[in-house]
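Input: a single structure, listed below in structure tokens.
We did not get these values from a lab; they are worked out from the coordinates using the rules stated. Values in this document were obtained by computation on a predicted structure and should not be read as measured data. Virtual Cβ from ideal backbone geometry, glycine too; neighbours counted across all protein chains shown.
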Amino acid sequence: SEDQAPVISQTTAMNYLSQFGYLQPINPTSGGIISQNTLSKAIAEFQAFAGLNITGDFDEDTYKLMALPRCGVKDKVGPGFGRSKR
Amino acid sequence: YALQGSRWRVKKLTYKISKYPRNLPQNKVDVELNKAFKVWSDYTDLVFVQKKSGQVHIEIRFEKGEHGDGDPFDGPGGTLAHAYFPVYGGDAHFDDAEQWTIDSFRGTNLFQVAAHEFGHSLGLSHSDIKSALMAPFYRGYVPYFQLDDDDIQGIQALYGKKNVNTGSIPVGPKHGTTTVAPPSEEDSELCTDPKVDTMFSSAEGHMYVFKGDRYWRLTADGVAVGYPKLISHSWKGLPGNIDAAFTYKNGKTYFFKGSKYWRYVGKRMDGDYPKEISEGFTGIPDNIDTVTVWTGNGKIYFYKGTKFWRFDPTQKPPVKNTYPKLISNWEDIPDNLDASIVYRSYTYFFKGDAYYRFNDRTFSVDIADPAFPRSTAYWWFGCRSANKGTLGNVQWMRN
């Protein structure tokens, strides 16, 4: 069957990246702004981890995956995310 | 797999369910969570003991919304549960707004989510292997659950292998070789002759090496235990000596040999194959060297000799008339490649006993220390006696 359309907005997606360790936590009281490069890098890291095509943009596949139910623990923690040997 | 960096220093761990879910009988929850812990104790010497009161190592609670740890749950869907690593106490919290179920395709399977969370409680982070239990996304109910090799390696990296004198290691179709000692490095064919036919990543995130009629699965730092295996035993109907392979974003894996190609979903042939490359991949020649999906644009690149072709299945014709082009357009990548694979944002090209890491964003071979080309045997197959530095035949390779 066809996958359902993504159900999250760009703001939700940015919060998602922050919640799971790809972006620095967003302070809701200060309205901070991040550079496009930082955001693109964070999206690309998430796409690489999730096995998606790495575009660095919020594309449909990325939105769809972000809408899936998941574990609440950050993806990026500890030495497992250190330097890749290869 | 990925390790968070902390682990328990004792093998006997106690747990307590302080707050049960609203929609399931307590005795059934006890059974499911016991099963979830057993997933990990089956492969290690860890022992889990349930207590009804008093101090325990791992406290389990089913909670809704804000529940005191500053990390509120978000209602049905979204975040299902979270757990703390050993250094933070190991506790596991489940969102009680979810429809927790047992042995059912409805709702969210309690056993699977609990087994995942307990992985965190024991020190495992999220894995980027899709088929691993420790992958972060809920995959739906799996009726015949089996722990992935990736998870087994992760938990054994933390707590060691199960002592065979203290209990039996489960032996199923997938894990029947876990008691067989791996061959020593010097016996490994990939160490003595690292030239391969093809390499590819599966839709589940596993990396495979094909050589002759056998194949190996790669781990993060070498070759998985229990390999090589026969290609024909796992991919029924697929011959040996494969030229090239890739997995597309539709989750299907395509294998190429001579003038023919085969399509598989996982290890199951996806229809009547082989078919002619000239029919399924119009514009692509026979006897290709290797193929890869470039992460920069998601298009399929075929390489043969000194040339490459770009294939876009959404276009007509799928190969533009400006192709083939020279591989020398891919800066520092040699002609007559053997294999290629995409791994963590890079495309790796293999030729002879060496490989090159191509940065898909800068569109060039990375400047690195040691420089590329590097030894495939050392860096990919875990052969510790192989050369760790830059291979000396750089110019010869490029020529």
Any lysines whose Cα falls less than 27 Å from that of residue B:162, other than same-chain ones fewer than 8 residues away, would be B:11, B:12, B:16, B:35, B:38, B:51, B:130, B:174, B:229
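With n ≥ 4 as the cut-off for DSSP H runs, can you work out [θ] at 222 nm for the protein assembly as shown, using -39500 (n - 2.57) per run divided by the number of residues, rounded to the nearest 500?
-5500 deg cm²/dmol
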Taking r as the C-beta separation of residue B:344 and residue B:369 and R0 as 25 Å, the FRET efficiency to the nearest 0.05 is 0.85
For residue B:351, the lysines lying under 17 Å Cα to Cα, once residues fewer than eight places off in the same chain are dropped, come out as B:195, B:211, B:304, B:307, B:388
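Largest first and in whole Å, what are the equivalent-ellipsoid semi-axes of the stretch B:310-399 based on the Cα gyration tensor, each being the root of 5 times an eigenvalue? Each step should come with its number before you reach the end.
On the way: eigenvalues 152, 39, 28 Å².
Those come to 28, 14, 12 Å.
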Across 10 Å bins beginning at 0, the whole-percent shares of Cα-Cα pair distances in the protein assembly as shown come to 4, 18, 27, 26, 17, 7, 1, 0
For the stretch B:250-319, the percent of all C-alpha pairs falling in each 5 Å bin, from 0 up to the bin holding the max distance, is 4, 16, 26, 28, 21, 6, 1
Of the candidates B:14, B:110, B:72, the farthest towards the positive dipole end of the stretch B:1-146 (Lys/Arg Cβ +1, Asp/Glu Cβ -1, centred on the Cα centre) is B:14
Dividing the mean separation of Cα pairs under 8 Å (6+ apart) by the residue count of chain B yields a relative contact order in percent of 10
Measuring from the longest principal axis of the C-alpha atoms of chain B, the long axis of helix B:110-122 (C-alpha) lies at a number of degrees, nearest 10, equal to 80
With a ≥ b ≥ c from the Cα gyration tensor eigenvalues, square-rooted, and the rule rounded for a/c under 1.5, otherwise prolate when a/b > b/c and oblate otherwise, the stretch B:278-323 is oblate
Rounded to the nearest 5, the percent of antiparallel DSSP beta bridges in chain B equals 80
Percent antiparallel among DSSP beta bridges confined to the protein assembly as shown, rounded to 5, stands at 80
Heads up, chain B by the C-alpha gyration tensor (a ≥ b ≥ c square roots of eigenvalues; a/c under 1.5 rounded, else a/b over b/c prolate, else oblate) looks prolate
Here the cysteines of the protein assembly as shown without any disulfide-compatible Cβ partner under 4.7 Å are A:71
hull vol. (C-alpha, convex hull) per residue for the stretch B:66-171, Å³ -> 121
